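Working notes for the structure below.
The values are calculated or read from the model by the stated rules, or taken from the named source; none is laboratory data. Fair warning: this is a prediction, and the values are worked out from it, not measured in the lab. When we count neighbours, we look across all protein chains shown, and the Cβ atoms used for this are built from the backbone with ideal geometry, even at glycine.
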Amino acid sequence: MTRPRAPAILRARRMSDHDHYQSPLSARYAGAAMRANFSERKKFLTWHRIWLALAESQRELGLPISEAQVAELRANLEHVDFELAARYERELRHDVMAHVHAWGERCQQARGILHLGATSCDVTDNADLVILRDALGLVRAQLVNVLRALRTFALEWKALPVLGLTHLQPAQATTLGKRATLWIQDFAFNLAELEQVEERMLFRGVKGTTGTQASFLSLFQGDHDKVRELERRVARRMGFEKCFPVTGQTYPRQLDFRIGAALAGIAQSGAKFGTDLRLLAARREVEEPFGKQQIGSSAMPWKRNPMRCERVCSLARHVISQLGSLAHTAANQWLERTLDDSAVRRLALPEMFLATDGLLELVLDVGSGLVVHPRRIERNLAEELPFLACEHLMLDAAKSGVDRQEAHEHLRQATHAAVAVLLDGGENPLCELLLADPVLKPFAPRLQALLDPSRSIGRADAQVEEFVREELDPLLARHASVPEQRSGVRV
C-alpha cells in the first residue's frame, strides 16, 4: 500500500512552519528563555562544552593532548553544523557519533582526541543534567516572582471580609488576603521543594559504558586517582561540585521523577489558584485582568471568560499527567540501562518544563493584575451574615449553660426554615424565628451586633501579617537576587 502524496500546492513550494505540526508549548505557551534552554542549539553546544572539558582535563592530567588541539576546540565551541550532523545521523543512525564526525570535520587537529575514552551517555546524560539544572533555575525565578506578586495582593486585601466557602457552600467569613495566603503557601511549598531538588542535582560524571570507568582507567594506565580527578575536573568545569557516586550507563532515572514531581506540585498549586479564581469570577467577586479589546465569546458579547485561569488549569493537567511516564521509565531500567527511556524522556521532560513555564507566566500575569469588586463581595457576604452569626450565638448559649448540642439543633431548624423562605423569594426571617424559639430567644438580640463583617473574620487579618512576616519573607530573602520579572503572556 503506497502512502498518499502531499497536495500539489504543498509540493509546489517550500514547506514552512505553517505546513507541519508545531508543539503549542513552544509556539504558543512557553517563554523564550525556556524554549531556548531546551533547543537543539543549547543541547549540542552543551555537548561541545563537555567534549572540551574532557579534553582540557585529560591534557592537564597527562594524556598526550596538545594545547593546539584544545585551543581548536575552544575556538570552535559555538559552531554547530546542523546540516552536516543530520547527514551523518542518517548514515550512522547514531546522534552522538554524527556530531563527533561533524565537529571533527571542523576541528581537524582535535578530531583524533574528540570523545576520547567516553561513551555516549558521558555526553548526553551530562548535557541533560546541565539543561535540567538550568531549567530548574528558570522555574525558581518564576516562582519567586509569583510569590512577590501574591504577597502584595495578600497584604493589600488582608482585612477585606469575604464569604468563606466549604463544599462550595457558605461557611464562615474570612478575608480576601487570608484566602490569598492559601495560594501563597502552596507555591512556597513548591519553592522549598524545588530548592531541595536543585541541591540534589548531581553530575553523572565520566564513567564509561557501564559506569565502571574501565576505558578511562586504561587511558591512565591503571591510575585510579587520576580517573577520579578527571571526573571531578570535568564536573567542576560544567558547574557541578558532586557526581553520582555510582551509575550504570545512565544517571538514575529516579532523578527525572523527582524533578517531575516538583513540577507536578507547581502544577497542582497553579490549578488550585486558577480554579479558585474561576469560581470567584462566577460570583463576580474577583476577576483576572480583562483587556479593553478582549472578546469573551464569539456569540455572547457580554461574556468575560477567565481564559487565562482556564489555561493555567489546562496546562497543569498536562504536567501532572506526564509524571506517570517518568515513574514508569525509572521503574523499567534494565540492569545497566535500556534505550526505551530515550524517546519518552525527549518528550516528557521538556514538555513538563515548557508547560510549567507557560503556567507560571500566566499565574504571574493574573496575580499581578487581579481585579477586586469590593461592593459585590460585601453584598454576597451580607446575604449570608445572619447565618454565619449563628455559630457565635451557639457559643453564647453554651457559655450561658445551654447544652451545646441542643443549641445546635435549635439553630439548625431555625436556619433551615429561614433558607426555605429565601428560596421562595421572601426576606430573611431568621431574627423572628430566633425570637420565637424558647431556647434561642435570650440570644436573639445579639444577632444584629454580629452582622458587622469585621466581627466575623476572627484572626484572618493578623494571620496574613504573621504568615508574611514569619514564613514568606524569610523564604523570599533567600532569593533576593532573583530579578523582577513582568509577565510575557503572548496570547
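Going by the conditions given, is Thr250 of a type outside the set (Gly, Ala, Ser), touching a residue at least 12 places away in the same chain (Cβ under 8 Å) and touching a Lys or Arg at 6+ places or on another chain (Cβ under 7 Å)? For Thr250, the condition - of a type outside the set (Gly, Ala, Ser), touching a residue at least 12 places away in the same chain (Cβ under 8 Å) and touching a Lys or Arg at 6+ places or on another chain (Cβ under 7 Å) - is met. Screening Lys303 with (1) among the charged types (D, E, K, R); (2) at pLDDT 90 or above; (3) farther than 28 Å from Ala135 by Cβ gives one miss only, at (2).
Which one of these is of a type outside the set (Ser, Thr, Tyr), at pLDDT below 95 and out of contact with any Pro (no Cβ under 9 Å at 6 or more places or on another chain): Leu381, Leu354, Leu362, Leu347? Write out each step before concluding.
Values: Leu381 fails: out of contact with any Pro (no Cβ under 9 Å at 6 or more places or on another chain); Leu354 fails: at pLDDT below 95; Leu362 fails: at pLDDT below 95.
Unique residue meeting the criteria: Leu347.
When Arg228 is tested against the conditions (1) closer than 29 Å to Thr356 by Cα; (2) at pLDDT 95 or above; (3) among the charged types (D, E, K, R), the lone failure is (1).
Does Phe38 qualify as being modelled with pLDDT of 80 or more, in contact with a Pro (Cβ under 9 Å, 6 or more places away or on another chain) and not acidic (Asp, Glu)?
On the way: modelled with pLDDT of 80 or more: yes; in contact with a Pro (Cβ under 9 Å, 6 or more places away or on another chain): yes; not acidic (Asp, Glu): yes.
Against the criterion (modelled with pLDDT of 80 or more, in contact with a Pro (Cβ under 9 Å, 6 or more places away or on another chain) and not acidic (Asp, Glu)), Phe38 qualifies.
List pairs: first in the range 259-276 and at pLDDT below 95, second aromatic (Phe, Trp, Tyr), Cβ under 6 Å, 6+ apart or cross-chain? Within 6 Å, no pair qualifies. Yes or no: Val139 in contact with a Leu (Cβ under 8 Å, 6 or more places away or on another chain), more than 30 Å from Arg237 (Cα to Cα), at pLDDT 95 or above and in a helix (DSSP H, G or I)? For Val139, the condition - in contact with a Leu (Cβ under 8 Å, 6 or more places away or on another chain), more than 30 Å from Arg237 (Cα to Cα), at pLDDT 95 or above and in a helix (DSSP H, G or I) - is not met. Taken together, Leu182, Leu168, Leu163 contain a single residue that is surrounded by 22 or more Cβ atoms within 10 Å (Cβ to Cβ), more than 30 Å from Thr119 (Cα to Cα) and either at pLDDT 95 or above or under 30 Å from the mean Cα position of the chain (by Cα) (or both), which is Leu163.
Scan the range 214-241 residue by residue and report those that are of a type in the set (Lys, Arg) and free of Cβ contacts under 8 Å to residues at least 24 places away in the same chain.
Taking the range 214-241 first, the residues of a type in the set (Lys, Arg) are 226, 228, 232-233, 236-237.
Correct list: Arg228, Arg232, Arg236.
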